[in-house]
Amino acid sequence: MNSRTKVIQIDGIVGQIEISIDLPDELKNNPDFALRGLALVAHPHPLMGGTMDNKVAQTMARAFNQLGYVSVRPNFRGVGATAGVHDHGAGEMEDLLYITDWMRTPSGWAATEATAQQAWITNANALPLVVSGFSFGSFVGTHLVQKLSELGRPAERLVMVGSAAGKWELAPVPADTMLIHGEVDETIPLIDVFDWARPQELTVQVVPGADHFFHRRLHCIRNIITSAWLGMPDHRKTQ
């Protein structure tokens, strides 16, 4: 964990939720830095060793930091200091929905030492929200994005790494969803991702030689995410 990362606990639906907050470097020296948005990062399967400290999840969080987002990585139920037990995705989605509400509430950030004096928190409820997830986290993320859309507060974008296609039942996703997958993923075969993406006409960005955990290919995830944002609207330029 580096100096940009702060670990806190917030009150959740079934008890405490442990989350890591990753801050852009600019906020270390300039509390008035204008954020581009907020990013939620969901980790892989908790019964298979997945935690908020997973290397892929950390890489995604850092990529969003580079783009000017504050990233939040929660531990799912039963992991680390987060209360509860694994709920096969249902309770996990409820927790992520709860966390997005917390992320969009200025008073939540004001009560957190790491962000209490930063100017952007007063506008937290108006900042764009990116939802992202790795493996099991991508499965939960699809259902979260669907729910947010139903509630009339859609996510800015969904980013899925090591998509759980063919392993769990994914919800339909927006047309601009970003799919990043390893060519030689042994856990979720690339063909399963193609089969899921094809009828939705989604583009799959394949990392040659990458396995499920992107060993020695983590930088590819960062580069794909940061490059994809180059042509996207930046709300800060219209303020």
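The values are calculated or read from the model by the stated rules, or taken from the named source; none is laboratory data. Being a predicted model, the structure only gives us computed values, none of them experimental. Every residue, glycine among them, receives a Cβ derived from its backbone with ideal geometry; neighbour counts consider all protein chains shown. Ligands, DNA and RNA are excluded from the accessible area calculation, which covers all protein heavy atoms including side chains. Shrake-Rupley method; radii C 1.70, N 1.55, O 1.52, S 1.80 Å.
Residue by residue through the stretch 1-24, note down the ones that are among the charged types (D, E, K, R) and either part of a loop (DSSP other than H, G, I, E, B) or surrounded by 13 or more Cβ atoms within 10 Å (Cβ to Cβ) (or both).
Selection gives ARG4, LYS6, GLU18, ASP22.
Within the group ASN29, ASN54, which residue is farther than 23 Å from LEU218 by Cα and of a type in the set (S, T, N, Q)?
ASN29
Count, please, the residues in the stretch 16-54 that happen to be farther than 17 Å from PHE139 by Cα and either free of Cβ contacts under 8 Å to residues at least 60 places away in the same chain or over 13 Å from the mean Cα position of the chain (by Cα) (or both).
At the first step, the residues of the stretch 16-54 found to be farther than 17 Å from PHE139 by Cα are 16-38, 53.
Filter once more, so that each one left must be either free of Cβ contacts under 8 Å to residues at least 60 places away in the same chain or over 13 Å from the mean Cα position of the chain (by Cα) (or both): 16-18, 20, 22-36, 53.
Counting residues in the stretch 16-54 that are farther than 17 Å from PHE139 by Cα and either free of Cβ contacts under 8 Å to residues at least 60 places away in the same chain or over 13 Å from the mean Cα position of the chain (by Cα) (or both) gives 20.
State yes or no: is ALA63 in a helix (DSSP H, G or I) and under 14 Å from SER20 (Cα atoms)?
Criteria not met by ALA63.
Can you find, within the stretch 111-137, the residue that is surrounded by the fewest Cβ atoms within 10 Å (Cβ to Cβ) among those that are in contact with a helix residue (DSSP H, G or I) (Cβ under 6 Å, 6 or more places away or on another chain) and of a type in the set (Gly, Ala, Ser)?
ALA116
If you check GLY162, GLY166, GLY182, GLY209, which single one turns out to be surrounded by fewer than 16 Cβ atoms within 10 Å (Cβ to Cβ) and in contact with a Phe, Trp or Tyr (Cβ under 7 Å, 6 or more places away or on another chain)?
GLY166
Any residue at all in the stretch 75-86 that's part of a helix (DSSP H, G or I), surrounded by fewer than 19 Cβ atoms within 10 Å (Cβ to Cβ), without any contact (Cβ under 8 Å) to a residue 24 or more places away in the chain and not charged (D, E, K, R)? Break it down stepwise before answering.
First, the residues of the stretch 75-86 that are part of a helix (DSSP H, G or I): none.
Within the stretch 75-86, not a single residue is part of a helix (DSSP H, G or I), surrounded by fewer than 19 Cβ atoms within 10 Å (Cβ to Cβ), without any contact (Cβ under 8 Å) to a residue 24 or more places away in the chain and not charged (D, E, K, R).
Name the residue that is modelled with the highest pLDDT, counting only residues in the stretch 28-58 that are in a helix (DSSP H, G or I), closer than 23 Å to TRP102 by Cα and open to solvent by 10 Å² or more (accessible area, probe 1.4 Å).
Result: GLN58.
Among ILE224, ILE180, which is in contact with a helix residue (DSSP H, G or I) (Cβ under 6 Å, 6 or more places away or on another chain) and within 18 Å of GLN66 (Cβ to Cβ)?
Being in contact with a helix residue (DSSP H, G or I) (Cβ under 6 Å, 6 or more places away or on another chain) and within 18 Å of GLN66 (Cβ to Cβ) holds for just one of ILE224, ILE180, which is ILE180.
Return yes when GLU186 is charged (D, E, K, R) and within 16 Å of ALA63 (Cβ to Cβ) and no when it is not. Spell out how you get there, then give the answer.
Details: charged (D, E, K, R): yes; within 16 Å of ALA63 (Cβ to Cβ): no.
Considered against the rule, which asks whether it is charged (D, E, K, R) and within 16 Å of ALA63 (Cβ to Cβ), GLU186 comes out as no.
For the stretch 187-199, give me each residue that is loosely packed, with under 12 Cβ neighbours inside 10 Å and not aliphatic (A, V, I, L, M).
ARG198, PRO199
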